[in-house]
Structure formats: structure tokens, C-alpha cells
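Engineer: One structure, as C-alpha cells, below. Some questions next.
Only the coordinates and a few stated rules stand behind these numbers; no lab work does. All values reported here derive from a predicted model rather than from experimental measurement. Here the Cβ is made from the backbone with ideal geometry for all residues, glycine too, and neighbour counts use every protein chain on show.
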Amino acid sequence: MIDKRLFTNKIRNTFIIALAIFIILLIAGFIMLKYDVQGETNLPFNLSKISIISTAKEETLKNEEEKWQMNILQNNDIYFYIEKNNNYKKDVVIEKIIFDNFNIIEENTIGEVKVYKPSEDENVVYKYKEDYEVSSVEYKGSLVTNNKFLEINNQGGIAEFSIANINLGSHPIDQEQTLSADGSLLNLINANYEDLKFSISFDMTIVVENENTYKAQIVLDLPVGDITQDGVCTMEDSELTDVVFKRI
């Protein structure tokens, strides 16, 4: 009788332990799932907004017959607004912000997509030349924001770069023709919105000095409108529901 009671108690204790382990694993799984969906909820610095300006521009060049041509490209200037989280209790500074792992996930029909850093020329924001073509963009934390030298205020500021669709085509320059320096230029080479649009993904990493590092993947559909008809299209996203930063 005693052995039977001990056996029953052993089964009950085993069941209780198994149930406790199951509940712990269930809670841990829920926490992990919640973190996977929501990410960090109290970042030292927040990405508060992404702003995009999509248009087109031309670069003048000569062909082999010494005739003037315009080379037309489609550019998307992208701005990232980073703000300090006033609810974060520690005194922290930005060490650097990195944009990398650029991948085309839905390809454009025409042209070639490249990433460009800002130029150091005070009169020109971007030069779509090979010297400024990059595979990653890294901003260093500094006392002030200076995009020309890839510096961002270590308490928050605006980081930017440009994603351009180049090698779309060229068109002879007619001195008597009046043209607008915007997306309507694309009509000269019969480039339409459906041929131009693409989706690109990349990682944004915020490195906090003597603290943690946070990374999120960002996906953009570019250009942000039919610039062949509207000339210039803009988009601002302050909700950023799909941008989830996680500690790495």
C-alpha cells in the first residue's frame, strides 16, 4: 500500500515538473515571439521618420561624333531621422550608423541600381559618378551633423544617401528645346514607371558607444510614385511599422 502511494506521488510530482517546464517553455516562446515581432521597445535612439524624394536628372556628355547628349538617370534621395529617446535613462552617444547589405528583391526592367554617398562638393549634393558609388554607407558620431563627410550628431540627426537607377539611356540635346529637370525627362527615352520600379532591402545598424548595437532591415519600393507624369514624388513614413530593431 505504501509502495502504491509512493508510486502515485512520484507520478504526480513528475507531472507537476513536466507541467512547470511546459509553462516555462511556453512563456519563453511567447516572449521570443513578441521580441521577434516588436523588437526593442526602449531604444536609446529611435528612427522617427524616413523621407524619400524621387525624381530624375540628366548629365551632359559627348558621344563619339562630338555631339552633345544628355544621359538620364532616376534618383531617390533618402533621409533617415534619428532622435534620442528621452525615456532612456542612461547618458549615451551614437558611435556610428551603418547602412549595408543592399539587395534588390524585385528587379527593375531597365537600368542598373546603384547606391551613392553624398558628394563633398558644397554646390552639389550628389554626384552620380563611380567615385561616389558605395556598397555601404557609414556615418560616424560627431559633435555636429555633416553629411558631406558622413558625420552625424552623436545625440541624433539626419543621415542620408541616394539610390539611383543609371544607364537608362541618352538623348540628343536640342538647344531650342525647353526641358524640366525632373522625372519628365524619362519620357525622352520612353521609360515608363512600370519599367523603372524596383524593391530594395538593406540593414540599418545603430551602434551606441560603450552600449549595445541594434539592427533592423528596411525595405523600400522605389521610385515612390510615377515621376514620368508628376516630375517629383515624395514620401514620408513616420509610422515605420515594418522596421523592427533588435539587439545584436
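Engineer: May I ask you to list the aspartates and glutamates whose Cα is less than 16 Å away from that of K96, ignoring any residue fewer than eight positions away on the same chain?
Structural biologist: E83, E138, E151, E160, D203, E209, E211
Engineer: Using a basic spin-label model with each label point 7 Å from the Cα along Cα→Cβ, how many nm lie between T109 and T234?
Structural biologist: Here the answer is 3.0 nm between the modelled labels.
Engineer: Next question. Calculate, for I158 and N212, the FRET efficiency according to 1/(1 + (r/R0)^6) with r their C-beta to C-beta distance and R0 25 Å; round to the nearest 0.05.
Structural biologist: 0.65
Engineer: Quick check: pseudo-label points 7 Å beyond the Cα along Cα→Cβ at I173 and N87, how many nm apart are they?
Structural biologist: 5.5 nm
Engineer: What does the charge count around V125 come to, taking other residues whose C-beta lies under 10 Å from its C-beta (Lys +1, Arg +1, Asp -1, Glu -1)?
Structural biologist: Net charge around V125: -2.
Engineer: Using amide H atoms built in the peptide plane, which far-off residues or other-chain residues are under 5 Å from N146 H to H?
Structural biologist: HN-HN under 5 Å from N146: E151, I152, N153.
Engineer: Something else: Run through region 99-166 and list the chymotrypsin sites (Phe, Trp or Tyr not before Pro) located in a DSSP loop whose Cβ has at most 11 other Cβ atoms within 10 Å.
Structural biologist: Those that pass, being in a loop and sparsely packed, number zero.
Engineer: Step through the table entries K57/K140; K114/K140; K57/K127; K84/K215, compare each Cα-Cα distance with 18 Å, and write down the pairs that go over it.
Structural biologist: Over 18 Å Cα-Cα: K57/K140; K114/K140.
Engineer: With the dipole of region 42-247 worked out from charges on the C-beta (+1 for Lys and Arg, -1 for Asp and Glu) around the Cα centre, which of Y214, I52, W68 lies farthest toward the positive end?
Structural biologist: Comparing the listed Cα positions along the dipole, Y214 ranks first.
Engineer: Could you tell me the relative contact order of region 42-247? Use alpha-carbon pairs under 8 Å, at least six residues apart, and round to a whole percent.
Structural biologist: Relative CO of region 42-247 lands at 30 percent.
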